[in-house]
Amino acid sequence: MEAVELWLTFLKNTGRSEAEDLIIQKYYAREKARLDAVSRIKYAEIKGMEKGREEGRKEGREEGIEKGREEGKIEIAIKLMKMKMPLEDIAEITGLSEEELKRL
C-alpha cells in the first residue's frame, strides 16, 4: 500500500470501536461463507450437467449401436427372404423371430 492509502485507512478507522470492528468482521465472514456456498452449488450444478451430458452421450451411442444391429438384421433378413430361404433358417441366422420376419 502506498502511504496515502495507509493514512486514509487509518483515518477511516479512527474512532471506530472494537465492537464495530467485530461486527464488520462478522459481516464479512458471513458474506464470504454465503458466497462460498453459492460457488459450491454452482460448481456442483456444472459438474452434474457435464456428467449428465456424458452419460447421455454414452447411452445415445449404445442405443445407436443397438439400432444399427437391428437394422442390419432386418436388412439381411429381407435379402434372404428375397432369395426364398425358409423363415426358420432366416430366424436362426438373424436372431429375429419368425413372427418378426412375417411382419417384414
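Readers should treat all values here as calculations from the given coordinates under stated rules, not as data from a laboratory. Model, not experiment: these values are computed from the prediction. Positions of Cβ are generated from backbone atoms using ideal geometry, with glycine treated the same way; all protein chains shown enter the neighbour counts.
What to note about this one:
- Count of residues meeting criterion [free of Cβ contacts under 8 Å to residues at least 12 places away in the same chain and in a helix (DSSP H, G or I)] in segment 84-95: 4
- Meets criteria (assigned to a loop (DSSP other than H, G, I, E, B) and either in contact (Cβ under 8 Å) with a residue 60 or more places away in the chain or not aromatic (Phe, Trp, Tyr) (or both)) for Met81: no
- Test: residue in segment 10-30 that is part of a helix (DSSP H, G or I), within 42 Å of the chain's Cα centre (by Cα) and of a type in the set (Val, Ile, Thr): yes
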